1. Can we say Val149 is over 23 Å from Thr33 (Cβ atoms), surrounded by 17 or more Cβ atoms within 10 Å (Cβ to Cβ) and either among the polar types (S, T, N, Q) or modelled with pLDDT of 90 or more (or both)?
2. Lys32 - would you say it is at pLDDT 90 or above, in a helix (DSSP H, G or I) and among the charged types (D, E, K, R)?
3. Given the structure, is Ala12 modelled with pLDDT of 90 or more, among the small types (Gly, Ala, Ser), more than 14 Å from Ala183 (Cβ to Cβ) and in contact with a strand residue (DSSP E or B) (Cβ under 7 Å, 6 or more places away or on another chain)?
4. Taking segment 113-171, which residues are under 28 Å from Leu75 (Cβ atoms), among the polar types (S, T, N, Q) and out of contact with any Lys or Arg (no Cβ under 8 Å at 6 or more places or on another chain)?
5. Answer yes or no: is there a residue in segment 113-126 that is within 22 Å of the chain's Cα centre (by Cα), among the β-branched types (Val, Ile, Thr), assigned to a strand (DSSP E or B) and within 27 Å of Ser40 (Cα to Cα).
6. Where residues in segment 35-64 are β-branched (Val, Ile, Thr) and at pLDDT 95 or above, which of them is nearest to Ile113 (Cα to Cα)?
7. Six or more apart or on different chains, Cβ under 9 Å: which pairs go from a residue in segment 143-170 that's on the phi > 0 side of the Ramachandran plot to one that's loosely packed, with under 12 Cβ neighbours inside 10 Å and of a type outside the set (Lys, Arg)? Could you list them?
8. Picking from Gly137, Gly141, which residue would you name as being assigned to a loop (DSSP other than H, G, I, E, B), at pLDDT 85 or above and either surrounded by 13 or more Cβ atoms within 10 Å (Cβ to Cβ) or touching an Asp or Glu at 6+ places or on another chain (Cβ under 7 Å) (or both)?
Amino acid sequence: MTISIATKKKLAALTVVLLILCIDQWLKVWVKTTLCPGESIRLADWAYIAFVENKGMAFGMQFVGTLMLTVFRLLAVGLLAWAMWRITAKEHVKWGFVLLLAMVLAGAMGNIIDNVFYGLIFTDSNGLTPASLVPIGQGYGSLMEGRVVDMFYFPIIDTNWPQWVPIVGGDHFVFFSPIFNFADAAISTGGALLVICYYKTLNQLFARKKTDTD
């Protein structure tokens, strides 16, 4: 039995999604059940495992409520999954494009899992003891109101601005200051490489979609 190229692309994309989800969720559960929010593990002067929670925006940013953000994220992931399913059927679309798109999809799905389920299955971290798994419905929140777990902190540069620099002179400066998780890394890395390596493919897809709707 011969497997078509489209089917191979779908299976490869599914493998990437499942692999990223497994790594992402394992890291989050380990951090959540090992550390309290605000605690950290020093790996090097420039690398820490630092446990924080947020409503679900990438790199800890917060603009809207958890429920609204979760609903928006579910719609976006559904649209992205549908688009990837359609794209894998196109022979001219390269393998790398499909796999990078799968990275972005997996990252978004990883944070959705936190938003949807973590409030139901984890106790609240009170700062004294780490959270623990509990039967569904006995956690700290309701469905779609869970908090996303972040843990990677890389303060590669930690210094103060020189006094002579206008406005910020003497202020503390850290690069890279956001704390993020494996899902965030998959989204940002996959998205950046898509734009850098496959911008022509993106332009072609958007151009064809526009032509189809005209």
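1. no
2. yes
3. no
4. Scanning segment 113-171 gives a single hit, Ser142.
5. So far as segment 113-126 goes, no, none of its residues is within 22 Å of the chain's Cα centre (by Cα), among the β-branched types (Val, Ile, Thr), assigned to a strand (DSSP E or B) and within 27 Å of Ser40 (Cα to Cα).
6. Filtering first and then ranking leaves Ile49.
7. As it stands, the answer is Gly170/Pro162; Gly170/Gln163, since those pairs meet every condition given.
8. Gly141 is the lone residue from the list that is assigned to a loop (DSSP other than H, G, I, E, B), at pLDDT 85 or above and either surrounded by 13 or more Cβ atoms within 10 Å (Cβ to Cβ) or touching an Asp or Glu at 6+ places or on another chain (Cβ under 7 Å) (or both).
The values are calculated or read from the model by the stated rules, or taken from the named source; none is laboratory data. In this text the structure is predicted, and so the values were computed from the model without any measurement. For neighbour counting, all protein chains shown are included, and Cβ atoms are generated from backbone atoms with ideal geometry for every residue, glycine included.
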